[in-house]
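Trainee: Before we start, here is the structure in question, set down as structure tokens.
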Amino acid sequence: MTEQTSTLSSNTLYAKLLGETAAITWQELQPYFARGALLLVGETQDLIAVAQAVAENDQGRVSAWLANDQLKKIDDGCAANLLARDPSLWAVVVAPWVLVQERRED
């Protein structure tokens with residue numbers, strides 16, 4: 001695959017994921033939490049770029065985000081916090097994961 005083709009494919013995936021991203025409530029996400037399928041994306045990260053890296057199995061970037069808590073599996077404490085606060089959330093599916101990020105209030 002040429003670099004140009006790779007870039008085009010990458011841009012196409014980014015656009016596809018962007019189109020599949022939606023606002024969602026914690027209530028709607030609870031079944032995915034129960035299955036252990038939720039990943040929380042840090043507030044400084046680009047949700048779609050992280051989803052793209054997960055979809056492309058970019059182990060270098062994903063490992064770095066996991067190491068510095070910019071990407072993490074939602075645990076019981078985090079889930080309780082989200083339930084109590086009920087923040088606005090964005091989500092995108094990269095099977096088997098659902099990536100979630102709090103919506104920034106600008």
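Values quoted throughout were computed directly from the atomic coordinates according to the rules given, and no laboratory measurement underlies them. No experiment lies behind these values; they were computed from the predicted model shown. Cβ coordinates were reconstructed from backbone atoms using ideal geometry, including for glycine residues, and neighbour counts include every protein chain displayed.
Trainee: Quick one: compute the contact order of the range 36-106, relative version, from alpha carbon pairs under 8 angstrom and 6+ residues apart, as a percent.
Mentor: Working: 84 pairs, mean separation 32.5, N = 71.
Across the range 36-106, relative contact order equals 46 percent.
Trainee: Which label belongs to the value computed from this structure, given these candidates for Cα extents along the principal axes in Å: [x] 55, 34, 25; [y] 80, 28, 21; [z] 49, 28, 27?
Mentor: Label of the calculated value: [z].
Trainee: Counting other C-beta atoms within 10 Å, and keeping those with at most 14, which DSSP coil chymotrypsin sites (Phe, Trp or Tyr not before Pro) do you find in the range 17-90? List each step's numbers first, then the result.
Mentor: Working: sites: W26, Y32, F33, W65, W90; in loops: none.
Of the chymotrypsin sites (Phe, Trp or Tyr not before Pro), not one in the loops of the range 17-90 has a Cβ with at most 14 other Cβ atoms within 10 Å.
Trainee: Compute the length gained on full extension between R61 and K73: take 0.36 nm times their separation in residues and subtract their Cα-Cα distance, giving the result in nm to one decimal.
Mentor: On the way: separation 12, 0.36 × 12 = 4.32 nm, distance 1.58 nm.
Residue separation times 0.36 nm, minus the Cα-Cα distance, leaves 2.7 nm.
Trainee: So what is the calculated 222 nm ellipticity per residue for the chain, using -39500 (n - 2.57) for each DSSP H run with n of 4 or more, over all residues, to the nearest 500 deg cm²/dmol?
Mentor: Values: 5 runs with 54 residues, N = 106.
That calculation yields -15500 deg cm²/dmol at 222 nm.
Trainee: So which GluC sites (Glu not before Pro) in the range 22-106 are both in a DSSP loop and have at most 10 other Cβ atoms within 10 Å of their Cβ?
Mentor: Values: sites: E28, E43, E56, E102, E105; in loops: E43, E56, E105.
The qualifying sites are E105.
Trainee: List the residues whose amide H sits under 5 Å from the amide H of R103, counting only those 5 or more places along or on another chain, with H placed 1.01 Å from N in the peptide plane.
Mentor: Amide H neighbours of R103: S88, L89, W90.
Trainee: Select from the range 5-106 those trypsin sites (Lys or Arg not before Pro) which occupy a DSSP coil region and have at most 16 other Cβ atoms within 10 Å, ordered by residue number.
Mentor: On the way: sites: K16, R35, R61, K72, K73, R85, R103, R104; in loops: R35, R103, R104.
Sites meeting the loop and neighbour criteria: R35, R103, R104.
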